[in-house]
Amino acid sequence: MINILVTGGCGFIGSNFIRHLLLETGFDGYVINVDKLTYAGNPNNLEDFEITFPERYIFIQADICDRESMTEVFEKYKIDTVCHFAAESHVDRSILGPQDFIQTNIFGTFNLLELCRLHRDRLNLFHHISTDEVFGSLDEKEFFSENTPYDPSSPYSASKAGSDHLVSAYGKTYGIPITISNCSNNYGPYQFPEKLVPLTILNAIEGKPIPVYGDGKNIRDWLYVKDHCRAIWRVMESGKRGETYMVGGKTDMHNIDVVRAICDILDEFEPALNSGPRRALIRFVKDRPGHDLRYAVDFSKIQTELGWVPDETFDSGIRKTIRWYLDNSGWIKQVKSGEYMSWIKKHYHHN
């Protein structure tokens, strides 16, 4: 693996992965980061890399659905490995407007696979990052595994299921070397403040109401993003081609318990608000349609075959995450401001 194309590398998990790859793995090749820069893609997540790795880190604003642009990237940079993060990823937005999810997550993945097929003489790997949401909901005792039947509940999870099947099919039909990883809910630095953990942290810091769907009893398995990045690289280096690997945090919790933990840790880190403990900010709101009850991941395959286990407990990971948001108020202000979108258009917009 010399010339790695990372799609969606300015997003939450993608930017953390590039940081891990260039700073912590010993990888000495080139990273070509292609990102469309939708609202959740922030080139400032990796702004320092353009200085630290001026020749080995290359950023290109492009849409993975644009065949002409992506053909140019593949040919100019002689791409031999693809790590595919780029996706529309928020369930609520997929319910309100599914078209972008179908376009990016299915057609965009197809576009990349076609280019891999055309350049398969030099292709080392197409690694596809997916989600445990493609498997639907679990009862109280079950766990998702690599053999769990697909049963998506939202347009988002259906679009990711479709992309998983395309990747697997291209591996079987065309002999493209592929791997797939399905991960549980990520949290950590650089996460856009629409997801549960950063939204809760930021609202709790600012003393704003903290919305919790339904009765808060939905259960999710929480994975610290840096543990996820280690797992991805382990699969890319050592995973068996054609295989799928589940990646989880072994920390399945009720959503309400996640929110309460964040409130309590913030009260510990920062003086409680004038209104009292931050738990008082919690507001239960109408549940989302088709809200899966429980996700939990059995990651014994990646543990047994590749020796990966998460380093962080939920308590240690969430404390690091909260501290990062407290220490990076400038980043928060930027991504939440109108100036941020103006800055994107000024610096990276093209016709």
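Structure summary
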read-out	value
Cut-off 14 Å between beta-carbons: net charge of the residues surrounding Leu306, Lys and Arg +1, Asp and Glu -1	0
Pairs from Lys226/Lys250; Lys36/Lys78; Lys195/Lys301; Lys160/Lys195 whose Cα-Cα separation, in the structure shown, is over 25 Å	Lys195/Lys301
Tail weight of P(r) past 25 Å, computed on alpha-carbon pairs of the range 67-176, percent	27 percent
The chain: relative contact order in percent, alpha carbon pairs under 8 Å with at least 6 residues between	17 percent
Förster radius 30 Å - calculated FRET efficiency between Ser329 and Phe53, Cβ distance, rounded to 0.05	0.70
Residue-averaged [θ]222 nm for the chain, counting only DSSP H segments that reach four residues, each worth -39500 (n - 2.57)	-12000 deg cm²/dmol
Length added when fully stretched, Glu206-Ser300, from 0.36 nm per residue minus Cα-Cα	29.9 nm
Computed lengthening from Leu273 to Glu68, 0.36 nm per intervening residue step minus Cα-Cα distance	68.5 nm
Helix 155-174 vs. the chain, principal-axis angle (Cα, 0 to 90°, nearest 10)	30 degrees
Length released on extending from Glu146 to Val309, taking residue separation times 0.36 nm less the Cα-Cα span	57.0 nm
Distance from the range 102-173 to the range 263-283 (C-alpha centre basis), Å	40 Å
Space enclosed by the convex hull of the alpha-carbon atoms of the chain, per residue, Å³	134 Å³
Radius 14 Å from Cβ of Tyr245, net charge of other residues (Lys, Arg +1; Asp, Glu -1)	-3
Tail beyond 16 Å, pair distance distribution of the range 40-127 (Cα, percent)	61 percent
Listed residues His291, His228, His128, most fluctuating in the chain (Gaussian network, C-alpha, under 10 Å)	His291
Burial ranking of peptide ranges 161-170, 182-191, 145-154 (average Cβ count within 10 Å, highest at the top)	182-191, 161-170, 145-154
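Just so you know, all these numbers are worked out from the coordinates, no wet-lab data involved. Just so you know, these numbers come straight off a predicted model, no measurement behind them. Virtual Cβ from ideal backbone geometry, glycine too; neighbours counted across all protein chains shown.
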